[in-house]
1. So which GluC sites (Glu not before Pro) in the stretch 286-343 are both in a DSSP loop and have at most 11 other Cβ atoms within 10 Å of their Cβ?
2. Treating only the Cβ atoms of Lys and Arg (+1) and Asp and Glu (-1) as charged, compute the dipole magnitude of the stretch 252-358 about its Cα centre; round to the nearest 20 debye.
3. So which of Lys175/Lys275; Lys98/Lys195; Lys315/Lys359; Lys112/Lys275 end up more than 18 Å apart, counting from Cα to Cα?
Amino acid sequence: MNLKTERKIKFWLTTISKVLVIALVIFKLIDILFDKKDTTVLEKQTLTTNPQEKHITDSIPQKDSIFKPQKKHTVQTQNNKTEDQKNITKAISPVYAKLNLVEDSFIWLKDKQKFVLKLANTTTALAENVTVNVVLIYEKEQQTIPIKDKTPVNPLGVLNLDFTASNTLRTSLPKSILLCINYESKNAKQKNWHKYQLGNKITGSGAIETRSVHYTTLSVSNGVYVNTPPNCIIQTKSNRATSSTKDNDITLEGIKSSTRLFLRGLNNKSQITIKNTTTPKLYTQLSSIGFSKYSYGFSDEFDVVSHTKSTAIVKLVLTEKGRATYLQQQNIYDAENNSKKVSNFFKFLNRKGSSWEGKLINQNGIWKFDVF
């Protein structure tokens, strides 16, 4: 072997040895780095998941945490005390008596020439020293009649009263009545007014002149008054917005009451009810189309579309049975080649798709249906 070859062999052996040493060092470093990372992660997981370590950490006393629970408990106690005071105040609040006209109890006895009425105490309190001033409101005039009764009205009891109207007004019947009721309850004086828009229903037998007239209530409004009779001046509020809202509510309730009664009359084919809730013009038209020969099926659910002080528009719909009757009757007409149309029974209304619109007008405070 010559010297040149021997040198080459030594060079490559030295190079290979260095490469192996470097590779070994790199592998050792990698193992050390990964072991350290795994140890760090394991320590974090142990601190997070170890409940014993967490308990020890949470148990370290802190100044803020010592006093906060005590403060919260104090606030809760005060709130409970306030609620208890409210409940006690509510429990000891006095209940005052309230007298109202019994529905359909205002009667005109023609044979005895007097009116009778019943007042019901709707509360559990006693009403004493009752004074009722009845204001009979006619077309162009009104009459006030004072009634005094010292008989106390027991809780949930009824008081029967009667009075005689003057001779000048016996020939006609009032359109509405205003009851000004003054009484004492729980040593406090109560002054309340109740206004009833009335219809009438003739009952009894014999001559018409001797039959009793039972009034039905169309609508009710109420409040308090400040002056004593005979005029029973109603208390007015200085706030115009509140007064306007109240007037609007009264108007709306009057419209709804008349509409309910009118629909009831149509559905039940009641001639008297229809006459009391319609204008003469509409009543004549209904009579001509024979409303009593057709079974209307209007729903009690309706909407007041719009209203002013003098007119109102309401939206009326038929029940499922009413729709079925409508289609069935029209099919009968078609099968008989009859020129009649079921829609003729509804021509006093304005058709709006699957519903109808009715028109009401205000006549001396009473809302009545008119031809649309």
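Each reported figure results from applying straightforward, stated rules to the coordinates on display, with no laboratory input. Owing to the predicted nature of the structure, the values given are computational and were not obtained by experimental measurement. Here Cβ is always computed from backbone atoms with ideal geometry, including for glycine, and neighbour counts include all displayed protein chains.
1. Values: sites: Glu301, Glu320, Glu336; in loops: Glu301, Glu336.
Hits after loop and neighbour filter: Glu301, Glu336.
2. Working: 16 positive and 8 negative charges, 58 e Å.
About 280 debye.
3. On the way: Lys175/Lys275 14 Å; Lys98/Lys195 15 Å; Lys315/Lys359 9 Å; Lys112/Lys275 27 Å.
Going by Cα-Cα distance, Lys112/Lys275 fall outside the 18 Å limit.
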